[in-house]
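The structure under discussion appears below in the form of structure tokens.
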Amino acid sequence: MEQENIPVQGAEAPAGQEAAVPAGQGAAKQKHGFSSKLGFVLAAAGSAVGLGNLWRFPYLAAKYGGGIFLLCYVLLAVTFGFSLLVLEIAIGRKTGKGIIGAFAALNKKFKWMGFVCLVVPVIIVPYYCVIGGWVVKYMWAFLVGDSALLGAAADSSAYFSSFIANAWQPILFFLIFAGVTVAVVVFGVQKGIERVSKILMPLLAAVSVFLAIYACCQPGAAEGLKKLFIPNFSDFTYETLLAALGQLFYSMSLAMGIMITYGSYMKKEANIQSSARQISVCDTLFAIFAAMIIIPSIFSATGGGAAAEDAMAQSGPSLMFVVLPQVFDGMAGGRIIGTVFFLLVFFAALTSSISLVEAVVAVLRENCGMKRGPACLIVLGIMLALGILSSLGFGVLDMVQLGGKSILDMFDYAANSVLMPLVAIGTCVLAGFFTDTESLLDEIGMRRKGYRMYFKVMIRYIAPLCMAAILISGIVNPL
Ligand code: PFF
């Protein structure tokens, strides 16, 4: 078993300087990172809080029994999720490198894993921006009061289908979303990512608290709140656990190289454990607030009972783009609420897509010696090619299907169900067996013997087993 020495990160580069890092150069004096722990936490939380929290968590919670799903999710977040999060941040900070350099620094023989990991954000960011574009379109439709979506004569289901099948409209909104994402990344870690996160995250918190309070005050909302918060243990199945596990993984932006990249920008003196705790709390709270907006609103609009359960069983894009517009439309002040809600989703998705782009840009700068501007242009080029393809998959290219999956769904499946669990298993095995695990634990700042033991058991055995279960179910289910 070969143990490689992990290079120690050098001094921070002075603020304001962000030169390209020549290929093959060591970690020392690598980059100009986040200015403070708060900047790091807000940017990492911004990455974690995204479409996963606002669109995926509420429908999964509704589908898998509400309270019992929430309980499983929270228990897994403080054990499995937290461990993987601190591990990725520690790998980034210890090595001071982006995805490829970090894996190679842990053990040269595992450099190839960096390339596999790099594929994840490369695949995800184009289609994530396509969905981001849909969000922009809906924000616009609510703002101008589009009568095809809102009002008595509107049919939200037909509206959504005809919008995504349109040849140019989704591409236009995709371009807007992708353009804003890349524009932020061009400004760099402090002036772009950190600054935007510092503005958007508090705004996001204020808007989601406001919307949650509003939704919970609607008549009939209490039944929805009960469903969300009171666990019914008879609803528990193995699938509840698996769904909670998969969601956690998705929601915390694990196994896509983001936390490694952001970790490499983190100051040496910042505490990894307390940062990870704040990121996880923030991510979980946003998921709960999103569920508190969506589930009570649906219970209120449908009158509760079986009708509410049916509406919520409509999983996937239809919940956010078909059911919710109807729900908001029926509320007092619904047009404003809808606009604000989609603005919230827009901000959340933006901070996540920024982190996906940065993970790839960091590799181009570090391994190809590129400057930030050209690196951003290359990533934009990839996003345009794959994003336009994903977007056309619902209209012009709708005959391109695999196992009933559209192009966008295929990318999503390849990344989330196959590559991400594989990368996560690889990361744990590498960190647990094939590198100097003790020095990683020192980087995390774990001092107590019992805690170090627990962490090692978690990353060596428990986490890889959990992820193998996600991988197997992801592959077996579609068959
Ligand atoms: N964690 C973010 C979210 O929950 O939306 C970012 C993200 C996760 C993007 C997983 C894409 C993805 F497949």
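The values are calculated or read from the model by the stated rules, or taken from the named source; none is laboratory data. Quick caveat: nothing in here was measured; it's all calculated off a predicted structure. Every residue, glycine as well, gets a Cβ built from its backbone with ideal geometry; the counts of neighbours run over all protein chains shown.
Residues are listed down the side, and each one gets a yes or a no for (1) touching a residue at least 24 places away in the same chain (Cβ under 8 Å); (2) polar (S, T, N, Q); (3) in contact with a Ser or Thr (Cβ under 7 Å, 6 or more places away or on another chain):
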site	(1), (2), (3)
Cys72	yes, no, yes
Thr79	yes, yes, no
Val86	yes, no, no
Gly92	yes, no, yes
Ala102	yes, no, yes
Leu106	yes, no, yes
Cys117	yes, no, no
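Of the residues Val185, Val209, which single one is over 22 Å from Leu397 (Cα atoms) and within 16 Å of the ligand (Cβ to nearest atom)?
Val185
Between a residue in region 294-307 that is without any contact (Cβ under 8 Å) to a residue 60 or more places away in the chain and any residue that is among the acidic types (Asp, Glu), which pairs come within a Cβ distance under 7 Å, given they are 6 or more apart or on different chains?
So the pair list comes out empty.
Being among the small types (Gly, Ala, Ser), surrounded by 19 or more Cβ atoms within 10 Å (Cβ to Cβ), within 16 Å of the ligand (Cβ to nearest atom) and within 25 Å of Phe34 (Cβ to Cβ) is the requirement here; does Ala359 meet it? Spell out how you get there, then give the answer.
Numbers: among the small types (Gly, Ala, Ser): yes; surrounded by 19 or more Cβ atoms within 10 Å (Cβ to Cβ): yes; within 16 Å of the ligand (Cβ to nearest atom): yes; within 25 Å of Phe34 (Cβ to Cβ): yes.
Yes.
Tell me which of these Leu392 doesn't satisfy, since it passes every other one: (1) closer than 22 Å to Gly98 by Cβ; (2) away from the ligand (no atom under 16 Å from the Cβ); (3) crowded, with 21+ Cβ neighbours inside 10 Å.
Against the list (1) closer than 22 Å to Gly98 by Cβ; (2) away from the ligand (no atom under 16 Å from the Cβ); (3) crowded, with 21+ Cβ neighbours inside 10 Å, Leu392 comes up short only on (1).
So how many residues does region 159-215 have that are closer than 20 Å to Leu42 by Cα and not in a helix (DSSP H, G or I)?
Result for region 159-215: 2.
Please identify the pairs in which a residue from region 404-419 that is within 14 Å of Ile470 (Cβ to Cβ) has its Cβ atom under 6 Å from the Cβ atom of a residue that is part of a helix (DSSP H, G or I) and hydrophobic (A, V, I, L, M, F, W, C), counting only partners at least 6 apart or on another chain.
Short answer, once both residue conditions are applied: Ala415/Val120; Ala415/Ile123; Ala415/Ile124; Leu419/Val120.
Please name all residue pairs, on different chains or six or more residues apart, with Cβ atoms under 7 Å, provided the first residue is in region 189-216 and is basic (Lys, Arg) and the second residue is part of a helix (DSSP H, G or I) and buried (at least 17 other Cβ atoms within 10 Å of the Cβ).
The qualifying pairs are Lys198/Gly39; Lys198/Leu42.
Of the residues that make up region 128-138, is at least one assigned to a helix (DSSP H, G or I), at pLDDT 95 or above and within 24 Å of Ala332 (Cβ to Cβ)?
Yes, region 128-138 has at least one match.
Looking only at region 362-389, how many residues end up being within 16 Å of the ligand (Cβ to nearest atom) and surrounded by 20 or more Cβ atoms within 10 Å (Cβ to Cβ)?
Narrowing region 362-389 to residues within 16 Å of the ligand (Cβ to nearest atom): 379, 382-383, 386-387.
So of that shortlist, the ones also surrounded by 20 or more Cβ atoms within 10 Å (Cβ to Cβ) come out as 379, 383, 386-387.
Residues flagged as within 16 Å of the ligand (Cβ to nearest atom) and surrounded by 20 or more Cβ atoms within 10 Å (Cβ to Cβ) within region 362-389 amount to 4.
Determine whether Asp310 is charged (D, E, K, R), part of a helix (DSSP H, G or I) and within 16 Å of the ligand (Cβ to nearest atom).
No.
Give the residue, chosen from Ala154, Ala141, that is surrounded by fewer than 19 Cβ atoms within 10 Å (Cβ to Cβ) and among the hydrophobic types (A, V, I, L, M, F, W, C).
Values: Ala141 fails: surrounded by fewer than 19 Cβ atoms within 10 Å (Cβ to Cβ).
Exactly one residue qualifies, and that residue is Ala154.
Taking region 47-103 on its own, how many of its residues are basic (Lys, Arg) and surrounded by fewer than 24 Cβ atoms within 10 Å (Cβ to Cβ)? Spell out how you get there, then give the answer.
Keep residues of region 47-103 that are basic (Lys, Arg), which gives 56, 63, 93-94, 97.
This time we only want the ones that are surrounded by fewer than 24 Cβ atoms within 10 Å (Cβ to Cβ), so: 56, 63.
Of the residues in region 47-103, 2 are basic (Lys, Arg) and surrounded by fewer than 24 Cβ atoms within 10 Å (Cβ to Cβ).
Among (1) within 20 Å of the chain's Cα centre (by Cα); (2) more than 15 Å from the ligand (Cβ to nearest atom); (3) among the aliphatic types (A, V, I, L, M), which single condition is Val144 missing?
Single failed check for Val144: (1).
For region 38-91, name all the residues that are within 15 Å of the ligand (Cβ to nearest atom) and of a type in the set (Gly, Ala, Ser).
Answer for region 38-91, where residues must be within 15 Å of the ligand (Cβ to nearest atom) and of a type in the set (Gly, Ala, Ser): Ala43, Ala44, Ala45, Gly46, Ser47, Ala48, Gly50, Gly52, Ala61, Ala77, Gly81.
Conditions first: (1) part of a helix (DSSP H, G or I); (2) touching a residue at least 12 places away in the same chain (Cβ under 8 Å); (3) farther than 29 Å from Gly132 by Cα. Pro219 passes all but one, so which condition is the exception?
Of everything listed in (1) part of a helix (DSSP H, G or I); (2) touching a residue at least 12 places away in the same chain (Cβ under 8 Å); (3) farther than 29 Å from Gly132 by Cα, Pro219 misses just condition (1).
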